[in-house]
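The values are calculated or read from the model by the stated rules, or taken from the named source; none is laboratory data. The model shown is predicted, which means the values in this text are computed figures rather than measured ones. For neighbour counting, all protein chains shown are included, and Cβ atoms are generated from backbone atoms with ideal geometry for every residue, glycine included.
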Amino acid sequence: MKAQELAQALLGSGRRASATQTTDPGTSNQTQNWEALNRRALAKSITLLESTLPSDRAEADALISMLLPHTGQSLRLGISGVPGVGKSTFIEVLGLYLINKGHKLAVLAVDPSSTVSGGSILGDKTRMERLSVNPSAFIRPSPSRGTLGGVAEKTREAILLCEAAGYDIVIVETVGVGQSETTVSLMTDLFVLMQLPNAGDDLQAIKKGVMELADLVLINKADLDPNAATRAQAQITSAMRLYGFHGNPSKSTQLDQGHDQDAFHGHGHEHEQSHKAQSSTPLPKVLQLSALQEKGIENFWQTVSAYKVSREKSGLWSERRRSQALAGMWERVDSELKRSFKEYPPVRSMLPNVLAGVGNGSLAPTVAARQLLFAYKGGHA
Ligand code: GDP
């Protein structure tokens, strides 16, 4: 299917489905057909942008450009946590709760294991059985080939396609290992870190960098040991304050600089406020949850909604989107430049010796880089 047809199928069916839902609930069969068409078109469109064929890439670019005016209206939610913390259980109950409120939900995955092994531990449809058969949900596993950067790029584009198809909530799920959390936090409006109740007992085990990325921390499985969950909530809250006071503003919080009157994070006392003003590092919220018993879902959603309202008011919402869009562009340029740099014949012919020299310590890395760049620029400094 060509870009034009896919765009029509995505936009047409998406619009009709939602229009029918609100104005005429009686024609549910028709709505379901449209939603099925919409999901199929969306799945095909994502397959197109994951293709490595140059002709497909050109079609995918055309498709994204056509759809761009219809994108951006969703809430993009990043969810991370170690395997077993309860991500899929949570996403399923949250998804069903949101669909019940009239939303359409897309779940995408960024799975670093799939880029290494070709297998996927995330986004597998069988993990969310009730959600995956719901007509208002779209679940897509992680692209299984390519580097993390490549997967990130496809996922960023997939978010746009989901939005054009009428999904007003897009969840991007990732596992709590490696760089993928940073990647996901840089493509979502709100990054949620899921933890287990015993996490508070061993704060050393929680990577500081990841904590700094989190806008919200959820202590899941609070039903197993309510006291431990409450303790973890208090400990993580105070640890986050410490990071907020003394840590360097992290990548994610750089986006927030210059805006200190964020009501969502503004529940502290005056001392805290003044520190926040200095560091410009907002303090995340820590909430308890039992995904299994479906407790805490409403509270979570209210918190997210309050966050959105507050951020929109302060301008941080659109600022984060703007920074992310620009970062996405530069990331693509960087990786393409590096690729073409390495393939440029004068550079390519020098590389074996240069790599060996840097590897065995006989050539300084900075000098090596300058020599390669000199060759790349055709002998101009
Ligand atoms: P994921 O790997 O992060 O997606 O974790 P899953 O959602 O697959 O959950 C792992 C296991 O934890 C499953 O057996 C779930 O039933 C269980 N689980 C998830 N949430 C809760 C919870 O809130 N309380 C309890 N007791 N178990 C939970």
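Would you please name the residue that is surrounded by the fewest Cβ atoms within 10 Å (Cβ to Cβ), looking only at residues in the range 214-225 that are more than 12 Å from Met194 (Cα to Cα) and touching a strand residue (DSSP E or B) at 6+ places or on another chain (Cβ under 9 Å)? Ranking the candidates gives Leu224 first. Residues in the range 208-235 that are more than 10 Å from the ligand (Cβ to nearest atom) and β-branched (Val, Ile, Thr): Val210, Val217, Thr230. Among the residues making up the range 162-195, those that are hydrophobic (A, V, I, L, M, F, W, C), touching a strand residue (DSSP E or B) at 6+ places or on another chain (Cβ under 9 Å) and assigned to a helix (DSSP H, G or I) are Cys162, Val184. State whether one or more residues within the range 88-95 are modelled with pLDDT of 90 or more, under 21 Å from Ser185 (Cβ atoms) and assigned to a strand (DSSP E or B). No.
Applying the set (1) at pLDDT 90 or above; (2) within 15 Å of the ligand (Cβ to nearest atom); (3) outside any helix (DSSP H, G or I) to Ser120 leaves exactly one unmet item: (1). Kindly indicate the residue of the range 132-159 that is under 14 Å from Ala43 (Cα atoms) and without any contact (Cβ under 8 Å) to a residue 40 or more places away in the chain and also farthest from the chain's Cα centre (by Cα) among those meeting that condition. Per the stated criteria, the residue is Ser132.
Using the structure shown, decide if Glu59 is in contact with a Leu (Cβ under 9 Å, 6 or more places away or on another chain), within 16 Å of the ligand (Cβ to nearest atom) and not in a strand (DSSP E or B). Judged against the criteria, Glu59 is not a match.
The set of residues in the range 296-337 that are closer than 23 Å to Ala229 by Cβ and in contact with a Leu (Cβ under 7 Å, 6 or more places away or on another chain) comprises Gly296, Ile297, Asn299, Phe300, Thr303, Val304, Tyr307. Could you pull out the residue among Ala62, Ala106 that is of a type outside the set (D, E, K, R), within 30 Å of Lys2 (Cα to Cα) and buried (at least 23 other Cβ atoms within 10 Å of the Cβ)? The match here is Ala106.
Yes/no per residue for (1) touching a Pro at 6+ places or on another chain (Cβ under 9 Å); (2) at pLDDT 90 or above; (3) within 11 Å of the ligand (Cβ to nearest atom); (4) in a helix (DSSP H, G or I):
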| site | (1), (2), (3), (4) |
| --- | --- |
| Met66 | no, yes, no, yes |
| Ile79 | no, yes, yes, no |
| Ala106 | no, yes, no, no |
| Ala109 | yes, no, yes, no |
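Is it fair to say Ile46 is within 16 Å of the ligand (Cβ to nearest atom) and under 17 Å from the mean Cα position of the chain (by Cα)? Taking the combined requirement at face value, the residue does not satisfy it. Within the range 355-367, residues that are of a type outside the set (A, V, I, L, M) have Cβ atoms under 7 Å from residues that are not in a helix (DSSP H, G or I) in these pairs: Gly357/Leu363, counting only partners at least 6 apart in sequence or on another chain.
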